[in-house]
1. Inside segment A:218-259, can you point out the residues that are part of a loop (DSSP other than H, G, I, E, B) and charged (D, E, K, R)?
2. Look through segment A:316-361, keep the residues that are under 16 Å from A:Trp106 (Cα atoms) and in contact with a Leu (Cβ under 7 Å, 6 or more places away or on another chain), and return whichever of them is surrounded by the most Cβ atoms within 10 Å (Cβ to Cβ).
3. Out of the residues in segment A:47-70 meeting the condition of being in a loop (DSSP other than H, G, I, E, B) and either within 12 Å of chain B (Cβ to nearest Cβ) or under 20 Å from the mean Cα position of the chain (by Cα) (or both), tell me which one is farthest from B:Val61 (Cα to Cα).
4. Is at least one residue of segment B:11-20 touching a residue at least 40 places away in the same chain (Cβ under 8 Å) and within 14 Å of another protein chain (Cβ to nearest Cβ)?
5. Select, from A:Asp313, A:Asp257, A:Asp287, A:Asp263, the only residue that is modelled with pLDDT of 95 or more, within 18 Å of the chain's Cα centre (by Cα) and more than 14 Å from every other protein chain (Cβ to nearest Cβ).
6. Tell me, yes or no, whether segment A:238-248 has at least one residue that is acidic (Asp, Glu), more than 14 Å from every other protein chain (Cβ to nearest Cβ) and in contact with an Asp or Glu (Cβ under 7 Å, 6 or more places away or on another chain).
7. If you check B:Leu11 against the conditions, is it within 23 Å of A:Gly13 (Cβ to Cβ) and part of a helix (DSSP H, G or I)?
8. Do we find that A:Ala120 is away from chain B (no Cβ under 14 Å), of a type in the set (A, V, I, L, M) and closer than 24 Å to A:Ala322 by Cβ in this structure?
Amino acid sequence: MNSVRVLVGTHKGAFVLSSDGKRQKWDVSGPHFGGWELYHVKGSPADPNRLYASQSTGWFGQLIQRSNDGGQTWEPVGNQFTYDGVPGTHQWYDGTPHPWEFKRVWHLEPSATDPDVVYAGVEDAALFRTDDGGKTWGELSGLRKHGSGSKWAPGAGGMCLHTIIVDPSDPKRIFIAISAAGAFRTVDGGVTWQAINQGLRSEHIPDPDAEVGHCVHRIAMHPARPDVLFMQKHWDVMRSDNAGDTWHEVSGNLPTDFGFVIDVHAHEPETIYVVPIKSDHLHYPPDGQLRVYRSKSGGNEWEALTKGLPQKDCYVNVLRNAMAVDKLDSCGVYFGTTGGQVYGSSDAGDTWAPIVENLPSVLSVEVQTLA
Amino acid sequence: MSVRVLLPAHLRNLAGVGGEVVLQVEGLVTVRAVLDALEARYPMLLGTLRDHVTKQRRPFVRFFACEEDFSMESPDVVLPEAVASGKEPFLVVGAIAGGRHRSSSQGAS
């Protein structure tokens, strides 16, 4: 029987949640690296026992941990993320030039075919890659040296590269997103990059239709349709049907189109999920009700999923890396909150139940579907 | 010289040590020499106390010994004889303030 392993990064450690295919009873392992911030934990599709974790604190900086046994034991690997050449400057919050400074790794994306190959998205925004299981990391500096780099600016969360999607049908085609620069695409494995933000409109920047400067919070893709991308922008839920060449809004009847997460059903490429958040200054759900919204039409028409979720006095947030889906026949959907709850649904969102309720604030959720 | 080094809890866990670390330091016992010896024996600590390349101390890491703060001193200043002889430990301390503000940016948009 299949089983699932949910990898949870929190403000005070990592947790591994395991269940069989029924997804009713869960074992909770952790905290791993207690007291450290775990921005992201993700497993290798090529070797599910190979996990990578981004571990950091403001005091002692960045570490990368690797597990070869599904998270039972870990070893620190290379943590040197040095920008290629003189990194130059980007825009600071006040519009003045500010030097690029490495702060932390937000996202780790293991290769689909080689467990030793991993991409790392970092703050200040850049993309790194390892080919030796994390021992050494090299920057794919063509992204940072894209002509627009000096115009990139941090969002309130920092200037972070938080989303990395490798096209499963063409591993040289990679999509990334940066707050607050926008989305970018390479078709040559990261040597050259193109900004793909046409159609995005952001009223809080001087030129709402600018090539770069958009605060993209998350991008999602169904692996069977790599030309169709879904985006939760700071405000607006967006869709592209041409691999990011152009975008159009699909917020439709959402109660608010601000939010962080977005994900796609494992078997239904037109079924997508978001968690609307009231506004960029409140950062909690509307009306104190935690609701996942599902669209079965690829956007525009949304239904609220509430069964099993708190519908009163709930003021948590769901951060951009904190939603994932499993690949079991009845697709499982998972998300974590800043209140420390991890909710799971084993029926594609129709009903929900907490897996754990009192973890530290959740930063990331990933799922592995195991044979 | 046998130098005793006391690490903060996070780094003791990372290095897999339970208490003080005793290091053999050749030549003059300076902050740099102690950190070089520490990182050579526990390479997982590379980058956690000072920058990989510039070797600058991380902003919220402090170095104390014999009730003195050596954080702002040149890393080549010779440490007191009591440290070099192992009578007093060299203390690596995580600053009591600052980590949360600098590190917790995920919740912002």
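1. Listed by number, the residues that qualify are A:Arg225, A:Asp227, A:Asp236, A:Asp241, A:Asp245, A:Asp257.
2. A:Leu319
3. A:Pro48
4. Residues of segment B:11-20 touching a residue at least 40 places away in the same chain (Cβ under 8 Å): B:11, B:20.
With within 14 Å of another protein chain (Cβ to nearest Cβ) added as a condition, the list becomes B:11.
Yes - at least one qualifying residue is present in segment B:11-20.
5. Details: A:Asp313 fails: within 18 Å of the chain's Cα centre (by Cα); A:Asp257 fails: more than 14 Å from every other protein chain (Cβ to nearest Cβ); A:Asp287 fails: within 18 Å of the chain's Cα centre (by Cα).
After applying the criteria, what remains is A:Asp263.
6. Taking segment A:238-248 as the starting set, the residues that turn out to be acidic (Asp, Glu) are A:241, A:245.
Now drop any that are not more than 14 Å from every other protein chain (Cβ to nearest Cβ), which leaves A:241, A:245.
Okay, now just the ones that are also in contact with an Asp or Glu (Cβ under 7 Å, 6 or more places away or on another chain), so A:241.
Yes, the conditions are met somewhere in segment A:238-248.
7. On the way: within 23 Å of A:Gly13 (Cβ to Cβ): yes; part of a helix (DSSP H, G or I): yes.
Here the answer is yes, as B:Leu11 does meet what is asked.
8. On the way: away from chain B (no Cβ under 14 Å): yes; of a type in the set (A, V, I, L, M): yes; closer than 24 Å to A:Ala322 by Cβ: yes.
It is true that A:Ala120 is away from chain B (no Cβ under 14 Å), of a type in the set (A, V, I, L, M) and closer than 24 Å to A:Ala322 by Cβ.
The values are calculated or read from the model by the stated rules, or taken from the named source; none is laboratory data. None of these values were measured; they are calculated from a predicted model. Quick reminder, even Gly has a Cβ in these numbers, built from the backbone with ideal geometry, and neighbours come from all protein chains shown.
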